[in-house]
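S.K.: First the structure, then my questions, so here it is.
The values are calculated or read from the model by the stated rules, or taken from the named source; none is laboratory data. All figures in this text were calculated on a predicted structure; none of them were measured in a lab. FYI the Cβ positions are ideal-geometry reconstructions off the backbone, even for glycines, and counts take in every protein chain you see. Note: areas computed on protein heavy atoms with side chains; ligands, DNA, RNA excluded. Shrake-Rupley method; radii C 1.70, N 1.55, O 1.52, S 1.80 Å.
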Amino acid sequence: MLIKTSASGFIHPVSSEITPQGIYRSRRELIKLMAGGAAGAALASWAGREALAQTVAKPGKLAALAGARSAVAGAVTMEKITDYKDASSYNNFYEFGTDKSDPARNAHTLKTTPWTVEVEGLVKKPAKYTLEDLLKLSAQEERIYRLRCVEGWSMVIPWVGYSLAELINKVEPLGNARYIEFITQADPKTMPYVGSRVLDWPYVEALRLDEAMHPLTLLAFGMYGEVLPNQNGAPVRLVVPWKYGFKSGKSIVKIRFTDREPKTAWNKAAANEYGFYSNVNPNVDHPRWSQATERRIGEDGLFAKKRKTLMFNGYEAQVGQLYAGMDLKKYY
Ligand code: MTE
């Protein structure tokens with residue numbers, strides 16, 4: 001993100017995995033059903049089966065963390081899921097380096113046990129949750145979300161977790177709570193780039209309370225049916241699919257309810273480039289590049305076309321009303 005050279009200077013990994021057989025089979029089934037005129041009724045169940053087939057086809061090496069398919073509107077997509085290999089080796093996690101390959105190489109030093117998340121500020125029931133408490137707080141769901149990075153690339157990832165609203169409801173926000181701040185781990189002993197001048201550590205992100213309460217906002221513990229790899233934000237991170245990826249803080253240790261808009265890491269670093277809202281918006285350019293199109297990781301062959309970026313990353317039907325009447329050019 002900070003890299004000021006040029007947007008086109010990013011190097012993408014070559015996808016070495018091929019689409020698993022199950023997906024082809026599912027697509028053929030859909031085509032057959034469409035020909036038979038039964039597409040509408042069959043679409044929902046087909047989408048579910050495709051999602052499942054893709055997830056099962058991407059095993060990693062970590063502990064299993066399964067989730068039932070989510071019923072939240074917008075939580076499943078029929079798009080091809082990004083290869084696990086790409087999703088776990090092309091990362092932004094500046095605590096472990098600024099290169100896309102640094103987190104996968106360096107994040108093995110992150111110590112994820114024991115882990116606690118402290119909830120404080122304007123709530124009736126402040127609490128310190130162990131990771132085990134958090135995992136038990138609600139049923140795990142699988143959500144297949146697009147993640148669009150502000151740099152112009154995107155992925156489709158099957159996350160495992162539950163709506164952040166589940167946790168928010170448990171701690172009972174006070175009437176004057178309007179924002180939530182997410183403070184992430186900043187341990188120079190285990191995170192080699194904490195202390196570097198790239199950002200003001202810890203990495204802090206924040207949401208308006210209604211954004212945080214939206215059912216799509218996910219507290220994620222896993223992906224591809226397993227616990228999160230360290231480089232993807234283990235053991236617990238946020239995923240806010242309609243916002244640029246940097247709003248989804250990794251390795252969260254504190255959640256603070258406030259009445260004032262918090263200062264966030266990227267906004268502090270470059271306020272004219274990274275606004276508080278940072279909703280995916282193809283109509284508002286980054287000052288140094290357009291946000292109208294994106295490159296899907298895994299599709300970057302010689303002839304691969306860029307995709308058009310969708311308003312709110314394609315989640316407009318679900319989240320558009322959160323911003324009714326707001327000038328999204330001003331509140332970028
Ligand atoms: N969280 C922390 N703590 N540190 C970071 O550097 N990078 C952000 C976000 N969360 C970041 C972070 C950015 S810029 C993006 S695009 C996403 O994480 C990337 O998530 P992924 O690597 O799991 O795809």
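S.K.: Any idea which residue in segment 263-287 is farthest from the ligand (Cβ to nearest atom), counting only those that are farther than 22 Å from residue 93 by Cβ and open to solvent by 50 Å² or more (accessible area, probe 1.4 Å)?
M.R.: The extreme case among them is 283.
S.K.: Moving on. Residue 294 - would you say it is within 13 Å of the ligand (Cβ to nearest atom) and in a strand (DSSP E or B)?
M.R.: So residue 294 fits the description; yes.
S.K.: Would you pick out the residues in segment 89-111 that are surrounded by 17 or more Cβ atoms within 10 Å (Cβ to Cβ) and more than 18 Å from residue 152 (Cα to Cα)?
M.R.: Within segment 89-111, 95, 96, 97, 102, 103, 104, 106, 107, 110 qualify.
S.K.: Is it true that residue 204 is within 16 Å of the ligand (Cβ to nearest atom), in contact (Cβ under 8 Å) with a residue 40 or more places away in the chain and surrounded by fewer than 22 Cβ atoms within 10 Å (Cβ to Cβ)?
M.R.: no
S.K.: Residue 308 passes all but one of (1) touching an Asp or Glu at 6+ places or on another chain (Cβ under 9 Å); (2) farther than 23 Å from residue 74 by Cβ; which number fails?
M.R.: All conditions are met except number (2).
S.K.: Determine whether segment 178-198 contains at least one residue that is open to solvent by 40 Å² or more (accessible area, probe 1.4 Å) and within 16 Å of residue 137 (Cβ to Cβ).
M.R.: Within segment 178-198, none of the residues are open to solvent by 40 Å² or more (accessible area, probe 1.4 Å) and within 16 Å of residue 137 (Cβ to Cβ).
S.K.: Take residue 186 and tell me if it is over 30 Å from residue 300 (Cα atoms) and not in a helix (DSSP H, G or I).
M.R.: Criteria met by residue 186.
S.K.: Now for a separate question. If residue 219 satisfies all but one of (1) touching a Ser or Thr at 6+ places or on another chain (Cβ under 9 Å); (2) without any contact (Cβ under 8 Å) to a residue 12 or more places away in the chain, what's the number of the condition it fails?
M.R.: The number of the failed condition is (2).
S.K.: Further question on the same structure: Are any residues in segment 214-248 closer than 26 Å to residue 331 by Cβ and more than 13 Å from the ligand (Cβ to nearest atom), and if so, which ones?
M.R.: 214, 215, 216, 217, 219, 242
S.K.: Can I ask one more? Enumerate the strands (runs of 3 or more DSSP E) found wholly within segment 69-152, keeping only those where 1 or more residues are of a type outside the set (Phe, Trp, Tyr) and within 16 Å of the ligand (Cβ to nearest atom).
M.R.: Values: elements: 116-121, 127-130, 141-148.
Where strands (runs of 3 or more DSSP E) fall fully within segment 69-152 and carry at least 1 residues being of a type outside the set (Phe, Trp, Tyr) and within 16 Å of the ligand (Cβ to nearest atom), they are 116-121, 141-148.
S.K.: Among the listed residues 128, 61, 85, identify the single one that is under 17 Å from the mean Cα position of the chain (by Cα), open to solvent by 50 Å² or more (accessible area, probe 1.4 Å) and of a type in the set (D, E, K, R).
M.R.: 85
S.K.: Next up: Identify all residues within segment 153-168 that are surrounded by 19 or more Cβ atoms within 10 Å (Cβ to Cβ), away from the ligand (no atom under 16 Å from the Cβ) and not small (Gly, Ala, Ser); write none if there are none. Can you show your working first?
M.R.: The initial filter retains those residues of segment 153-168 that are surrounded by 19 or more Cβ atoms within 10 Å (Cβ to Cβ), namely 153-164, 167-168.
So of that shortlist, the ones also away from the ligand (no atom under 16 Å from the Cβ) come out as 162-163, 167-168.
Result: 162, 167, 168.
S.K.: Do we find that residue 308 is surrounded by fewer than 23 Cβ atoms within 10 Å (Cβ to Cβ) and within 16 Å of the ligand (Cβ to nearest atom) in this structure?
M.R.: no
S.K.: For segment 184-197, how many residues meet the condition of being within 9 Å of the ligand (Cβ to nearest atom) and either under 13 Å from the mean Cα position of the chain (by Cα) or within 16 Å of residue 268 (Cβ to Cβ) (or both)?
M.R.: Total satisfying the criteria: 2.
S.K.: Out of segment 249-262, which residues are hydroxyl-bearing (Ser, Thr, Tyr) and within 15 Å of the ligand (Cβ to nearest atom)?
M.R.: Selection gives 251 alone.
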